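The values are calculated or read from the model by the stated rules, or taken from the named source; none is laboratory data. Since this is a predicted model, take the numbers as computed values, not measurements. Cβ atoms come from the backbone with ideal geometry, glycine included; neighbour counts cover every protein chain shown.
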Amino acid sequence: MANDYVQLISLIERLHRHLLELVKLELEGLGARDINNVQALMLFNISHAEMTVGELTLRGCYLGTNVSYNVKKMVDNGYLDAERSAHDLRSIRVKLTNKGHSLRDRLAGMYSRHSDMLAETNLTEADLQGALGVLERLERFWTMANYRLDRRVQDPFAENAVRQHRPASAQRGGKL
């Protein structure tokens with residue numbers, strides 16, 4: 001099972017890179033040079049909602065990216081409107097502008113074309129639903145595993161607490 005698990009993780013990473021490449025090609029085809037593929041995925045995930053930057057971070061997988069920086073660039077380039085929260089000045093709420101909605105609709109069109117292309121392959125709707133079910137269960141497992149690990153790191157007195165953040169001498173009660 002361990003080998004299959006590692007292969008699945010590698011496949012998920014490759015699929016994410018392929019998606020980013022497809023979005024990049026779509027942006028190039030549209031002549032959209034003021035937004036990158038990661039920013040376009042953020043834009044798509046915001047959709048018709050209004051949300052905080054923190055909510056956007058939780059909603060998507062923007063590996064190795066600075067969400068605040070990307071939001072600022074999309075605001076500067078006219079894809080997003082940003083407004084400080086009246087209740088919490090540290091919080092910024094974002095929503096798509098008309099330009100942002102237009103690009104989001106073009107990306108939805110790309111996804112629709114991909115769906116039509118999938119219909120021409122030997123992948124069935126049942127195959128996609130089965131894969132989706134497995135990936136959703138894996139997501140729940142990772143969420144649970146993160147929660148458990150986070151709890152162990154935060155509670156230094158827990159029996160199985162993770163102590164890798166302190167030198168070994170400190171773990172044994174020695175002086176640093």
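Could you please tell me which pairs satisfy a Cβ distance under 8 Å, a separation of 6+ or placement on different chains, a first residue in the stretch 105-131 that is assigned by TED's automatic domain parsing to the domain that holds residue 19, and a second residue that is among the charged types (D, E, K, R)?
Filtered contacts from the stretch 105-131: 106/26; 107/26; 110/26.
Quick check: anything in the stretch 2-20 touching a residue at least 12 places away in the same chain (Cβ under 8 Å) and more than 15 Å from the chain's Cα centre (by Cα)?
yes
Pick out the one residue from 103, 43, 89 that is in a loop (DSSP other than H, G, I, E, B) and either over 24 Å from residue 135 (Cα atoms) or touching a helix residue (DSSP H, G or I) at 6+ places or on another chain (Cβ under 9 Å) (or both).
Matching residue, one of 103, 43, 89: 89.
Of all the residues that make up the stretch 89-114, how many are modelled with pLDDT under 95 and either more than 21 Å from residue 42 (Cβ to Cβ) or aromatic (Phe, Trp, Tyr) (or both)?
1
Would you pick out the residues in the stretch 11-53 that are surrounded by 10 or more Cβ atoms within 10 Å (Cβ to Cβ), of a type in the set (Gly, Ala, Ser) and farther than 18 Å from residue 75 by Cβ?
Listed by number, the list holds a single entry, 29.
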